[in-house]
Amino acid sequence: MARSKEKLPRDLLKPLPRREELEALARHYHHIQNEHKRAPLEGSMRRRIEERLLDVRQRFDRLLEEWVPEEELRRVWWEHLHYRAPVPSGPPAIRPLVFYGVTDAGSVVEVRGKKDEELEVRVDGALTERVVAEKDLSSVTPPLSFRVDGIEAHETFTASPEALDALADFLDDGKPPPWDHASELLSDGLIDAHFAVTPRGRRALASRQIAQG
């Protein structure tokens, strides 16, 4: 198979995880609501919780306005946030990224899929094959490589240093989830919609530590 030696722009390959962001924000909002119910009626703690609720709600509303054009679908998502109605069926979920790497010739290799299903392997955006390789890609230790059609791709990460720093702070110090970076963390396969760090996310954080010495 002929390979392009020119790396494709990352933005042309990655789907936008808008559904995953909406689910994550709604889940976090409901968690904060539970905290609010348990908080004393008066005091600084309750005010801080109310500020967090407002922040998450504003992020949720902006995401709906920007990325969900259907008025009825926006309404259903709004009811899910405020009244815990069932999760809407749209927009469609992405197939999560479990590996992203580049060959020595510059071809981009992406592996996507969910647990207990065949994974899709794409080279320069074209579907090449489907494989069962969950165990091979569950390592949390970098560097990781993936072979396809006799060539080897070396894993790289596209999330910004700021996003990785925020994710590390979230895990190490118990800070609030880094919502400002949720889109790129989800797109790069580093977290899931529950804000749990994936094996790829663990490899990214480990690579970051190695680079920092």
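The values are calculated or read from the model by the stated rules, or taken from the named source; none is laboratory data. Predicted, not measured: the structure shown is a model, and the values here were computed from it. Methodologically, a virtual Cβ is constructed for each residue, glycine included, from the backbone with ideal geometry; neighbour enumeration extends over all protein chains shown.
Take the conditions within 30 Å of residue 108 (Cα to Cα), among the charged types (D, E, K, R), surrounded by fewer than 15 Cβ atoms within 10 Å (Cβ to Cβ) and modelled with pLDDT under 95 and apply them to residue 66. Does it pass? Taking the combined requirement at face value, the residue satisfies it.
Each residue in region 95-116 was checked for being farther than 23 Å from residue 154 by Cα and surrounded by 13 or more Cβ atoms within 10 Å (Cβ to Cβ), and 0 pass. Checked against the criterion of being under 22 Å from the mean Cα position of the chain (by Cα), touching a residue at least 24 places away in the same chain (Cβ under 8 Å) and more than 30 Å from residue 123 (Cβ to Cβ), the candidates 98, 87, 109 yield just one match: 87. Taken together, the residues in region 137-164 that are surrounded by fewer than 16 Cβ atoms within 10 Å (Cβ to Cβ), free of Cβ contacts under 8 Å to residues at least 40 places away in the same chain and not in a helix (DSSP H, G or I) amount to 3. As a summary of the residue check, residue 120 satisfies the conditions (1) surrounded by fewer than 17 Cβ atoms within 10 Å (Cβ to Cβ); (2) without any contact (Cβ under 8 Å) to a residue 24 or more places away in the chain; (3) of a type outside the set (S, T, N, Q); (4) farther than 27 Å from residue 211 by Cα except for the one numbered (2).
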